[in-house]
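What follows is a set of notes on a single structure, which appears directly below.
The values are calculated or read from the model by the stated rules, or taken from the named source; none is laboratory data. Just so we're clear, the structure is a prediction, and the values are computed from it rather than from any experiment. No Cβ is skipped: glycine too gets one built from the backbone with ideal geometry, and neighbour counts run over all protein chains shown.
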Amino acid sequence: MKEEIKKLIEKAIKDLQKEKKLPEFQIPNISIFNSKILSYGDYNTDILFKLNKIYNISPEVIVKPLFKKITSSNTYDKFDDVELLNGFINFFIKDEYLQNQLEVILKEKDKFGNLNLEEKVHPVKSAKGGTSLKAKQFNRVNIEFISANPTGPLTLGNGRGGFCGDALANILEKAGYKVSREYYVNDTGNQINKLGHSVIGDAEAVYKGEYINELQKKIKGNNPQDIGEKASKVIFEKMIKPSVKKMGVKFDTWFSEKTLYKNKEVDEAINELSKKGFTYESEGALWFRSKDLGDDKDRVLIRADGIKTYFASDIAYLKNKFKRDFNKLIIFLGADHYGYVARLKAASHALGFGEDSIDAIVMQLVRLFEKGKEVRMSKRSGIYVTIDELIDEVGLDVARFFFLMIGPNTHLNFNLDLAKEKSEKNPVFKVQYAYARICSIIRKSKNFQFSIFNFQSNYNLKLLNEKSELELIKQLIRFPEIVEDIAKDYQVQRLPKYAMELADSFHKFYENCQVISKNKELTKARLSLISATKIVSKNTLDLMGISTPERM
């Protein structure tokens, strides 16, 4: 619906420009909002304020012709009313339109909410921050997430990135993109050497915990690099991979950093940058001119001692991804990697792929709280609390939902007491209970010969005119909008928020409307409504990777 309103306004402005009733200007992004106040309509837009601010077009010049053009089109096929109030244009959806949307949901089932956003052309910004007239089509997306060093168990922070990355991949696939999930294995470098020292147990040891004690029993030797490589393989195969499986995440590719050096790809990337004039030598080191491309300073690629930096292999890895025909890279980074965003975009631009071909999502810190106090250490392992331990404590569904509820750019305080709650205080319980209740009602409806898979178009959906019925339908038709919004800005927290709002709308409907009654026609209409709710609820939970129990 938001997209339809947007197109309606765009067409009205273009028509007025053709008729010389408005000056020529580039139409800005039109924001459509879900109204929070019923008297202000179901949707509204602030386009009049935006045009005034950007182009200094007086509201008096545009209000009347634009409003007249909007309301003279086929607007009233879907809207009862369109009104102008305090500079906002408010749209009120027709009951009949809402009722007809149930048929769409019941026919499309799990395909409801599927989009084709990859067909849209995305604007590209210039390297120096200006506006470019060029455009680029993004359809093959590589999402790299978790990518924890193979030096220890996965942390809560790794878990947050894992759940968010997996959910975003699901959503982008729903939106029509071809998506590949990737884990970058940092299996070379200084951290492997440090792991070796830790297993040996010498003065340079940095890692500790029960897992190090176990590795010391299995791996013997005095060469820290050799010991570190052996230990990292054990950690990767026996700890990280099982944890990823426990999280319900499936990667398409596990990419080894070692292969970049083995295949000379790091040297090739550095040579390419040098040929293009993006490197220079200073103080015996080779530097990348990243400051010229938006970074806060230049970056070292090869140190004075001849050792290549992590950033050098990161550039080679970027190039490798683009060579595999991905045209949009999304990378989840830890909170301590915020400074990496600008340098990665600079590298992408220098390689010729454009800075808008790469997006970095920085995950903020996770803190665990129990009975009002922060839990810093695991009683079981003697180190930080691992994602495995949290899943064992609260269950996979709860862990996923709680991590997804808070935006990645915000610190997450995980309430362990609430997560263990088996009541509607727990948002996961509330959402799943609504789904289970719908399933229970449908099971009881067998006497009406009603089936979600055999919806009859002659069911009288116009009988659904109670306020709580119409409000529930309004929530249902928001689902494709939620998918589209997340696909554009990656704010996955919208999905659990929507799931809770949908559950609330269903519970209000259930409290106010008896589904199965002596009125067979009304019963069939309401069964259609809750069946559509079941479909959308399942689609929503599936995208989050959360189960849909039919009994609770």
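Among (1) crowded, with 18+ Cβ neighbours inside 10 Å; (2) closer than 30 Å to Arg526 by Cα; (3) not assigned by TED's automatic domain parsing to the domain that holds Leu529, where does Leu106 come up short?
The one condition Leu106 does not meet is (3).
Across segment 315-341, what is the total count of residues that are in contact (Cβ under 8 Å) with a residue 12 or more places away in the chain, under 19 Å from Asp356 (Cβ atoms) and out of contact with any strand residue (DSSP E or B) (no Cβ under 9 Å at 6 or more places or on another chain)?
Total meeting the criteria: 1.
Just to be sure, is Glu481 in the same structural domain as Val536 (by TED's automatic domain parsing), modelled with pLDDT of 95 or more and surrounded by fewer than 18 Cβ atoms within 10 Å (Cβ to Cβ)? Give the derivation first.
Numbers: in the same structural domain as Val536 (by TED's automatic domain parsing): yes; modelled with pLDDT of 95 or more: yes; surrounded by fewer than 18 Cβ atoms within 10 Å (Cβ to Cβ): no.
No; evaluated as a whole, the condition is false for this residue.
Restricting attention to segment 267-286, and to residues there that are under 10 Å from Leu301 (Cα atoms) and of a type in the set (A, V, I, L, M, F, W, C), which single residue is surrounded by the fewest Cβ atoms within 10 Å (Cβ to Cβ)?
In this case the residue turns out to be Ala285.
Filter segment 265-294 for residues that are part of a loop (DSSP other than H, G, I, E, B) and either at pLDDT below 95 or over 34 Å from the mean Cα position of the chain (by Cα) (or both) and give the result. Quick ask: steps written out before the conclusion?
Kept after step one, since they are part of a loop (DSSP other than H, G, I, E, B), are these residues of segment 265-294: 276-278, 283-284, 289, 294.
Correct list: Lys276, Gly277, Glu283, Gly284, Gly294.
Before we move on, is Gly152 over 30 Å from Leu527 (Cβ atoms), surrounded by 17 or more Cβ atoms within 10 Å (Cβ to Cβ), within 19 Å of the chain's Cα centre (by Cα) and modelled with pLDDT of 95 or more?
Numbers: over 30 Å from Leu527 (Cβ atoms): yes; surrounded by 17 or more Cβ atoms within 10 Å (Cβ to Cβ): yes; within 19 Å of the chain's Cα centre (by Cα): no; modelled with pLDDT of 95 or more: yes.
No: the conditions fail for Gly152.
Can you name the condition, by its number, that Glu469 falls short on among (1) in contact with a strand residue (DSSP E or B) (Cβ under 7 Å, 6 or more places away or on another chain); (2) at pLDDT 95 or above; (3) surrounded by 16 or more Cβ atoms within 10 Å (Cβ to Cβ)?
That leaves (1) as the condition not met.
Counting only residues that are farther than 20 Å from Val492 by Cα and out of contact with any Pro (no Cβ under 9 Å at 6 or more places or on another chain), give me the helices (runs of 4 or more DSSP H) lying completely in segment 345-425 with at least 1 of them. Explain how you work it out, then say what you get.
Working: elements: 387-394, 396-405, 416-419.
Per the criteria, 387-394, 416-419.
Mind checking which residues of segment 185-220 are of a type in the set (D, E, K, R) and assigned to a loop (DSSP other than H, G, I, E, B)?
Let us first name the residues in segment 185-220 that are of a type in the set (D, E, K, R), namely 187, 194, 202, 204, 208, 210, 214, 217-218, 220.
Of everything in segment 185-220, those that are of a type in the set (D, E, K, R) and assigned to a loop (DSSP other than H, G, I, E, B) turn out to be Asp187, Asp202, Glu204, Lys208, Lys220.
Answer yes or no: is there a residue in segment 348-362 that is farther than 23 Å from Leu172 by Cα and exposed (fewer than 14 other Cβ atoms within 10 Å of the Cβ).
First, the residues of segment 348-362 that are farther than 23 Å from Leu172 by Cα: 349-352.
Within this subset, residues satisfying the condition of being exposed (fewer than 14 other Cβ atoms within 10 Å of the Cβ) are 352.
Yes, there is a match, as at least one residue in segment 348-362 is farther than 23 Å from Leu172 by Cα and exposed (fewer than 14 other Cβ atoms within 10 Å of the Cβ).
Counting just the residues of segment 29-47 that are over 16 Å from Glu4 (Cα atoms) and exposed (fewer than 15 other Cβ atoms within 10 Å of the Cβ), which one comes out farthest from the chain's Cα centre (by Cα)?
Ser39
This table checks each residue for (1) hydroxyl-bearing (Ser, Thr, Tyr); (2) touching a residue at least 12 places away in the same chain (Cβ under 8 Å); (3) within 30 Å of Leu495 (Cβ to Cβ).
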site	(1), (2), (3)
Thr75	yes, yes, no
Lys78	no, yes, yes
Glu83	no, yes, no
Phe91	no, yes, yes
Tyr97	yes, yes, yes
Gln101	no, yes, yes
Gly113	no, yes, yes
Asn116	no, yes, yes
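Select from segment 297-322 the residues that are charged (D, E, K, R) and in a strand (DSSP E or B) and write down the one among them that is farthest from the chain's Cα centre (by Cα). Steps first, answer last, please.
Going through segment 297-322, the residues charged (D, E, K, R) turn out to be 297-299, 303, 305, 308, 314, 319, 321.
Subsequent filtering for residues that are in a strand (DSSP E or B) retains 299, 308.
Details: Arg299: 30, Lys308: 34 Å.
Among those that are charged (D, E, K, R) and in a strand (DSSP E or B), it is Lys308.
Any chance you could count how many residues in segment 1-50 are free of Cβ contacts under 8 Å to residues at least 24 places away in the same chain and out of contact with any Asp or Glu (no Cβ under 7 Å at 6 or more places or on another chain)? First the steps, then the outcome.
Of all residues in segment 1-50, those free of Cβ contacts under 8 Å to residues at least 24 places away in the same chain come to 7, 10, 14, 17-20, 24, 26-27, 29, 31, 33, 36-39, 50.
From the residues that got through so far, the ones that are out of contact with any Asp or Glu (no Cβ under 7 Å at 6 or more places or on another chain) too are 7, 10, 14, 18-20, 24, 26, 29, 33, 36-39, 50.
Number satisfying all stated conditions: 15.
Quick check on this structure: which one of Val515, Val492 is crowded, with 22+ Cβ neighbours inside 10 Å and either not assigned by TED's automatic domain parsing to the domain that holds Ala434 or not in a helix (DSSP H, G or I) (or both)? Don't jump to the end; show me each part of the working.
Numbers: Val515 fails: crowded, with 22+ Cβ neighbours inside 10 Å.
Answer to the check: Val492.
Of everything in segment 235-254, what is crowded, with 17+ Cβ neighbours inside 10 Å, of a type outside the set (Gly, Ala, Ser) and not in a helix (DSSP H, G or I)? Give them in sequence order. Full working, then the answer.
Quick first cut of segment 235-254, residues crowded, with 17+ Cβ neighbours inside 10 Å only: 235-236, 239-240, 243-244, 247-249, 251.
Subsequent filtering for residues that are of a type outside the set (Gly, Ala, Ser) retains 235-236, 239-240, 244, 247, 249, 251.
Listed by number, the residues that qualify are Met247, Val249, Phe251.
Out of Lys534, Lys497, report the one residue that is at pLDDT 95 or above, surrounded by fewer than 19 Cβ atoms within 10 Å (Cβ to Cβ) and under 30 Å from Phe403 (Cα atoms). Can you show your working first?
On the way: Lys534 fails: surrounded by fewer than 19 Cβ atoms within 10 Å (Cβ to Cβ).
Matching residue, one of Lys534, Lys497: Lys497.
I'm told Tyr76 meets every condition in (1) over 32 Å from the mean Cα position of the chain (by Cα); (2) surrounded by 17 or more Cβ atoms within 10 Å (Cβ to Cβ); (3) closer than 30 Å to Ser468 by Cβ except one. Can you identify the failing condition by its number?
Among (1) over 32 Å from the mean Cα position of the chain (by Cα); (2) surrounded by 17 or more Cβ atoms within 10 Å (Cβ to Cβ); (3) closer than 30 Å to Ser468 by Cβ, the lone unmet condition for Tyr76 is (2).
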